[in-house]
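Chemist: For reference, the structure I am asking about is given below.
Just so it is clear, none of the values below were taken in a lab; they were calculated from the coordinates. All values derive from a computational prediction rather than experimental measurement. Note that we place each Cβ from the backbone using ideal geometry, even for glycine, and neighbour counts take in every protein chain shown.
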Amino acid sequence: MKSATKKLSTEIAETLTGKIQAVAAGSKKIKKSIERAAAKLAKKVAKFEKETLKKKAKEAKNAEKKLKAPKEKKSKAEKKEKIAALVAAASSKAPVAAPAKPTVGKGTSAPKVSPAKRVAKPAPAPKAETPVPATEKA
């Protein structure tokens with residue numbers, strides 16, 4: 001009976017050893033899988049933190065701009081008064097005559113002469129026609 005017990009205990013020990021090794025190997029695979037997942041998660045967390053820092057910096061910059069240069073808001077009445085003053089100033093000035101447009105084609109530029117500075121040029125005298133001797137060939 002001792003030999004049977006010894007044989008059985010040896011088989012149990014071997015089986016347990018095999019199972020422990022299998023679990024250990026499995027746990028190594030599980031451990032590697034967990035490490036990979038943790039690395040991915042760490043990258044995502046780092047990216048998220050970086051984005052939140054950028055957003056906070058941008059918000060702080062915008063807040064600084066708002067505090068730094070607050071614009072004075074003018075009321076509608078002030079705007080109307082300003083427009084009325086501009087219209088009155090524009091209407092009190094003498095109207096300016098529009099410059100005469102030259103009738104010269106594109107690409108050439110003729111000197112602009114105001115109508116007051118133009119001097120009437122005498123018309124060129126017609127040339128006397130001299131009779132040209134006609135030689136007839138018969």
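Chemist: Which distance in nm do the two modelled labels at K80 and A37 give, with both placed 7 Å along the Cα-to-Cβ direction?
Modeler: That separation, rounded to one decimal, is 7.0 nm.
Chemist: Quick check for me: using +1 on Lys/Arg Cβ and -1 on Asp/Glu Cβ, what's the dipole size of the stretch 2-70 about its Cα centre, in debye to the nearest 20? List each step's numbers first, then the result.
Modeler: Numbers: 22 positive and 7 negative charges, 107 e Å.
That gives the stretch 2-70 a dipole magnitude of about 520 debye.
Chemist: Work out the charge dipole of the stretch 2-70 with +1 on the Cβ of Lys and Arg and -1 on the Cβ of Asp and Glu about the Cα centre, then indicate which of S33, A46, A60 is farthest towards its positive end.
Modeler: Most positive-ward Cα: A60.
Chemist: Test of understanding: what is the full-extension gain from A63 to Q21, defined as 0.36 nm times their sequence separation minus their Cα-Cα distance?
Modeler: 8.9 nm
Chemist: In whole Hz and in residue order, list the ³J(HN,Hα) couplings for the stretch 34-47 that follow from phi through the Karplus curve 6.51 cos²θ - 1.76 cosθ + 1.60, θ = phi - 60°; x for Gly and Pro.
Modeler: 5, 5, 5, 4, 5, 5, 4, 5, 4, 4, 5, 5, 4, 5
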